[in-house]
Each structure stands twice: as C-alpha cells, then as structure tokens.
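The values are calculated or read from the model by the stated rules, or taken from the named source; none is laboratory data. On a predicted model such as this, the values are computed, not experimentally measured, just so you know. Cβ coordinates were reconstructed from backbone atoms using ideal geometry, including for glycine residues, and neighbour counts include every protein chain displayed.
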Amino acid sequence: MAQGPQGTSILKSVAKHGIHIINSPESVENCWRFNMVRLLTEHGIPFPKSVMVSTGDDVSGITKQFSPAKLWVKRGDVHAVHKEDVSLAYNADELATILQEFKGRGIKQAVIQEHLDGDVVKFYAIRESEFFYWYYLNGVNHTPFRQKQLYELAQASAEALGLFIFGGDAIIASDGWITLIDVNDWPSFAPVRDMASQHIAQLLYRKASNHDD
C-alpha cells in the first residue's frame, strides 16, 4: 500500500526478484495525477479538461482556456496529502497564489482542472470480483444515472491504469452524464471495509496461487 515515490521505488526493486505485487508499483505511479490525466484521456474515459503546469510557470492566460473560470488546482504527483493539495480557484489571482504555495512546499507540478457541476459519487471496486460499491458523497440532486455505466467506466479506468484494488470519484451531471474525476489505488473502503476485505483476500489468494503455478 506504499504510494509515495520512495516506497514505490523500493517495491520496484522487490518486483525485479520475481515477487508479485498487487497493486503493482507501476500501477501506483499511473495514479499520480500527471500520469492519470494522460492515461485516462488516451483511453477515451470521460475526464475533466485538465492542463499540466509547472508551479513556477506564468499561468496568467490559463483561465482563458476554461469556462467558467472556476478551476480546481491539484498537486500533480501523488494524491492529496494535505487538504490544501486540492484547492478551488475562482480567478487568475487565486490560481497564481495556490501555485506559488505549491512551489513553496516543494511541489513541482500541478494539474489545473475544470470544475464540473453535479452530484459527486464515490465508488470502491475490486477487479475480477463481483464487488462494486458506490454512494453519493454530496448527493444534492440525486440525479438518476446508469449504474452499469459507472461500473463499466470504473473497470475501464482500472484496466487503463493497471489497478486491481481501487476506488474513485465521479460527477453525475444534470443529464445523467458520468465523468470520472479521480481514481485511487488502495482507497480506504471505509463504508464497506469488512465486505471488501473478504474480496481483497480472495483476489490476493487467487493471484498468489496462479503466480506460484
């Protein structure tokens, strides 16, 4: 469950000796935002318009690429470590301030992402398993949507990133359109931990058995 650069590097060294790791170090790296944005877009998975920038760049013209100008600013490497790692900017000045704060904390890259209105749905999933659980994180409208489509998008994103145990977030627009906004390796599974742990154990056992063969 190591997600940082140092832990992932160590796991890569371990994997070279034939040790099978789930989720693989490569799949963990794929979830770092600057990789995830590229991979999900390349695989045609609905994802918000996103621009990668260096935190030291002049981004005065960036807001003109988006409408509306309300933008999410997210650290470009690992998932949020502090709540400030994902911040909302309402104008160019706020955007520049957030990026400057990132730079001051040693964060070299950031993702600038369009804001999408709608209900936020959180999901947890395990590939090669019947386990899939979702719930409204801020179900303001509880807009109807195709749950099968959410499942299919979640599975497609996991395949694109190489994950087997994963979770994520999606936006449900007013017309029911689903857009993934985040995919996370080794999420908490907090609401369904007991149930998920059984499916995770079964997956690990199957993979270990096949690896031994």
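Just to be sure before I move on: is residue 15 without any contact (Cβ under 8 Å) to a residue 40 or more places away in the chain, farther than 17 Å from residue 109 by Cβ, small (Gly, Ala, Ser) and outside the structural domain of residue 203 (by TED's automatic domain parsing) in the structure I sent?
Details: without any contact (Cβ under 8 Å) to a residue 40 or more places away in the chain: yes; farther than 17 Å from residue 109 by Cβ: yes; small (Gly, Ala, Ser): yes; outside the structural domain of residue 203 (by TED's automatic domain parsing): no.
Here the answer is no, as residue 15 does not meet what is asked.
Within the bounds of the range 117-131, is there any residue that is touching a residue at least 40 places away in the same chain (Cβ under 8 Å), farther than 27 Å from residue 194 by Cβ, among the charged types (D, E, K, R) and part of a helix (DSSP H, G or I)?
no
Has the range 55-70 got any residue that is among the acidic types (Asp, Glu), closer than 25 Å to residue 186 by Cβ and either in a helix (DSSP H, G or I) or not assigned by TED's automatic domain parsing to the domain that holds residue 172 (or both)?
We begin by selecting, within the range 55-70, every residue among the acidic types (Asp, Glu); these are 57-58.
Then keep just the ones that are closer than 25 Å to residue 186 by Cβ; that gives none.
Within the range 55-70, none of the residues are among the acidic types (Asp, Glu), closer than 25 Å to residue 186 by Cβ and either in a helix (DSSP H, G or I) or not assigned by TED's automatic domain parsing to the domain that holds residue 172 (or both).
When you scan the range 178-185, do you find a residue that is under 22 Å from residue 34 (Cα atoms), crowded, with 19+ Cβ neighbours inside 10 Å, at pLDDT below 95 and in contact with a helix residue (DSSP H, G or I) (Cβ under 6 Å, 6 or more places away or on another chain), even just one?
yes
Given the condition of a type outside the set (A, V, I, L, M) and over 17 Å from the mean Cα position of the chain (by Cα), answer yes or no: does some residue in the range 28-39 qualify?
The first filter runs over the range 28-39 and keeps only residues of a type outside the set (A, V, I, L, M), leaving 29-35, 38.
Filter once more, so that each one left must be over 17 Å from the mean Cα position of the chain (by Cα): none.
No: the range 28-39 contains no residue that is of a type outside the set (A, V, I, L, M) and over 17 Å from the mean Cα position of the chain (by Cα).
Residues 87, 157, 129: which one is in the same structural domain as residue 32 (by TED's automatic domain parsing) and surrounded by 20 or more Cβ atoms within 10 Å (Cβ to Cβ)?
Details: 87 fails: in the same structural domain as residue 32 (by TED's automatic domain parsing); 129 fails: surrounded by 20 or more Cβ atoms within 10 Å (Cβ to Cβ).
So the residue among 87, 157, 129 that is in the same structural domain as residue 32 (by TED's automatic domain parsing) and surrounded by 20 or more Cβ atoms within 10 Å (Cβ to Cβ) is 157.
For the range 39-54, give me each residue that is closer than 29 Å to residue 152 by Cβ and surrounded by 13 or more Cβ atoms within 10 Å (Cβ to Cβ). Walk me through how you get there before you give the answer.
Kept after step one, since they are closer than 29 Å to residue 152 by Cβ, are these residues of the range 39-54: 39-52.
Correct list: 39, 40, 41, 43, 45, 46, 47, 48, 49, 50, 51, 52.
Report, by residue number, each residue of the range 203-212 that is out of contact with any Ser or Thr (no Cβ under 7 Å at 6 or more places or on another chain) and surrounded by 14 or more Cβ atoms within 10 Å (Cβ to Cβ). Before the answer, list the steps.
First, the residues of the range 203-212 that are out of contact with any Ser or Thr (no Cβ under 7 Å at 6 or more places or on another chain): 204-212.
The answer is 204, 207.
If you go through the range 55-74, how many residues are surrounded by 15 or more Cβ atoms within 10 Å (Cβ to Cβ), out of contact with any helix residue (DSSP H, G or I) (no Cβ under 7 Å at 6 or more places or on another chain) and of a type in the set (Ser, Thr, Tyr)?
0
Within the range 1-38, track down each residue that is modelled with pLDDT of 80 or more, hydrophobic (A, V, I, L, M, F, W, C) and loosely packed, with under 14 Cβ neighbours inside 10 Å.
If the condition is that a residue be modelled with pLDDT of 80 or more, hydrophobic (A, V, I, L, M, F, W, C) and loosely packed, with under 14 Cβ neighbours inside 10 Å, then 19 is the only one that fits.
Quick one: in the range 75-84, which of the residues that are charged (D, E, K, R) and surrounded by 15 or more Cβ atoms within 10 Å (Cβ to Cβ) is farthest from residue 102 (Cα to Cα)? Walk me through it before giving the result.
First, pick out the residues of the range 75-84 that are charged (D, E, K, R): 75, 77, 83-84.
So of that shortlist, the ones also surrounded by 15 or more Cβ atoms within 10 Å (Cβ to Cβ) come out as 75, 77.
Values: 75: 7, 77: 12 Å.
The residue in question is 77.
Is there any pair with a first residue in the range 173-191 that is part of a loop (DSSP other than H, G, I, E, B) and a second that is surrounded by 15 or more Cβ atoms within 10 Å (Cβ to Cβ) and aromatic (Phe, Trp, Tyr) whose Cβ atoms are under 7 Å apart and which are 6 or more apart or on different chains, and what are they?
Here the result reads 176/145; 187/124; 187/166; 189/124, each pair linking the range 173-191 to a residue that is surrounded by 15 or more Cβ atoms within 10 Å (Cβ to Cβ) and aromatic (Phe, Trp, Tyr).
Can you pull out every residue in the range 132-172 that is in a strand (DSSP E or B), closer than 20 Å to residue 48 by Cα and touching a residue at least 24 places away in the same chain (Cβ under 8 Å)?
Correct list: 166, 167, 168, 169, 170, 171, 172.
One residue is enough: does the range 193-201 have a residue meeting the conditions in a strand (DSSP E or B) and within 19 Å of residue 28 (Cα to Cα)?
Of all residues in the range 193-201, those in a strand (DSSP E or B) come to none.
No, because not a single residue in the range 193-201 is in a strand (DSSP E or B) and within 19 Å of residue 28 (Cα to Cα).
Take the range 129-171 and flag every residue that is touching a Lys or Arg at 6+ places or on another chain (Cβ under 9 Å) and of a type in the set (Gly, Ala, Ser).
The answer is 158, 167, 168, 170.
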